[in-house]
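Down below is the structure, laid out as structure tokens.
Any read-out appearing in this document is the output of simple, stated calculations on the displayed coordinates, not a laboratory observation. Only a predicted model underlies this, so the values are computations on that prediction, with no experimental measurement involved. Methodologically, a virtual Cβ is constructed for each residue, glycine included, from the backbone with ideal geometry; neighbour enumeration extends over all protein chains shown.
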Amino acid sequence: MKTGTWTAIGAALFSLWVGAIHAEEWTPKKPIEIVVGFAPGGGSDQAARIIAAAAQESFPVPLVVTNKPGAAGVLAAQQVARSKPDGYTLLVAGGSETTSVPAHREVPYDPDKDFTSIIRLTNNPFFFIVAANSPFKTIEDVIAAAKAKPGEISQANTGLGGLTHSAGVLLERAAGVKLKHVPYQGGSPAIQALIAGQIDIALGATEEIEGQVQANTIRILASTGAERSSHYPDVPTLKEKGYDVVCTNMKGLVGPAGLPPDVVKYLHDRFHQAMDRDTWRKFAERVGEPSNYRNAAEFASAQQEQLTRIKAALKQ
């Protein structure tokens, strides 16, 4: 056989060998860490632990949830942004750390460039609430009072720069009013202050207000979602009321920038499978809307859109 023929055959076999290597699916060889930027027991922590439990059977290695609370999730986001893009360090993101805080102040990472989105798990609205004995019966009552007394109507939030603060800022800009923003160390303390009459209005997530709604200690005025919540279908959205406000709390998984596409696909597909399991579905239905999945590209776009909205409001 001629040398040229042997060369051609060798080249073909080499190409097949290289193709086989590239076709081989990435598989994790050590535990995968899911970092949560908030304390144990909170919404982000619950989402991380429940999706990890639901997905564990699809992974050959342990999924380990760790908490690194501080600075409205910024510390955890910084840690993951600086980690090696090998698929072994993920962040629960989509909330304040990537869609709100960077609009208010400098953070040690670029939310658009320093992360690789993998999957969105949830996307739930906040609810503007008042105490059951409040004179405010509608969101229009709040706006009217805020116009009559600029800067005097107090709104509780869970930290300056966080999403509940940003939701209030968006309403201010849309309604042409000024509120008094009062930070608390979480949703529960804010709601307790509201019930005690120490604050005029507050925002809460579905899981935070459910017990108080059932106990008739608070009244829901409006939702910050793009559509009405299936949990509270009688509650109007702010957009329905004529205020161009949409501000939601997304939770999903991201890795550091530069995460290889095959790693993203492996992680996405297995966490997506887990969303159909009872463990996850029961949790998702309890805390909000059960079908809020978005793929990597869609999740990245949704985060960028919300951050852009908040930045624009702050510039007004």
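Key figures for this structure:
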read-out: Most fluctuating residue given options 289, 24, 152, as computed from a GNM of the chain linking Cα atoms under 10 Å; value: 24
read-out: Separation between Cα centres of region 199-255 and region 26-98, rounded to whole Å; value: 26 Å
read-out: Among 232, 75, 197 - extreme Cα towards positive end, dipole of the chain, charges at beta-carbon; value: 75
read-out: Using a Förster distance of 22 Å, the FRET efficiency for residue 83-residue 279 (Cβ separation, nearest 0.05); value: 0.20
read-out: Charge context of residue 180, other residues only, Cβ under 13 angstrom, K/R +1, D/E -1; value: -1
read-out: Point-to-point label distance, residue 257-residue 106, nm (Cα→Cβ direction, 7 Å offset); value: 1.7 nm
read-out: DSSP beta bridges in region 126-230 [antiparallel fraction, %, rounded to 5]; value: 60 percent
read-out: DSSP H segments from the chain that extend 24 Å or more along their own axis, Cα-based, with Kyte-Doolittle mean of -0.5 or above; value: 3-23, 296-315
read-out: Simple Cβ-charge dipole of the chain, Lys/Arg +1 and Asp/Glu -1, about Cα centre, in debye nearest 20; value: 420 debye
read-out: Histogram of C-alpha separations across region 117-182, 10 Å bin width, %; value: 19, 49, 22, 8, 2
read-out: In region 127-223, lysine pairs with alpha-carbon atoms under 14 angstrom apart (chain gap of 8 or more, or interchain); value: 4
read-out: Gaussian network model of the chain, Cα within-10 Å springs - most flexible of 105, 82, 270; value: 105
read-out: For region 127-223, convex hull of alpha carbons as volume per residue, Å³; value: 82 Å³
read-out: Charge sum, other residues only, whose C-beta stays under 12 Å from residue 102's C-beta, Lys/Arg counted +1 and Asp/Glu -1; value: -2
read-out: Most mobile of 33, 25, 208 in a GNM of the chain (Cα contacts under 10 Å); value: 25
read-out: Relative contact order (percent, whole number), the chain, Cα cutoff 8 Å, 6+ residue spacing; value: 26 percent
read-out: Distance between modelled label sites at residue 228 and residue 298, nm, 7 Å Cα→Cβ extension; value: 2.4 nm
read-out: Cut-off 13 Å, label 7 Å out along Cα→Cβ of residue 75, residues of region 37-64 by amide N; value: 37-40
read-out: Global form of region 149-206, assessed from the alpha-carbon gyration tensor, a/c cut-off 1.5; value: oblate
read-out: Gain in span if fully extended, residue 305 to residue 286, counting 0.36 nm per residue against the direct Cα distance; value: 4.2 nm
read-out: Electrostatic dipole magnitude of region 127-223 [Cβ: Lys, Arg +1; Asp, Glu -1; Cα centre; debye, to 20]; value: 300 debye
read-out: Taking N as its residue count, the alpha carbon Rg of the chain over 2.2 N^0.38 Å; value: 1.17
read-out: Local electrostatic count, residue 168, Cβ distance below 11 Å [Lys/Arg +1, Asp/Glu -1]; value: +2
read-out: Rounded to 5, the percent of DSSP beta bridges in the chain classed as antiparallel; value: 60 percent
read-out: Filter on 241/282; 29/84; 30/68; 84/311; 29/282; 29/113 - keep pairs with C-alpha separation over 24 Å; value: 241/282; 84/311; 29/282; 29/113
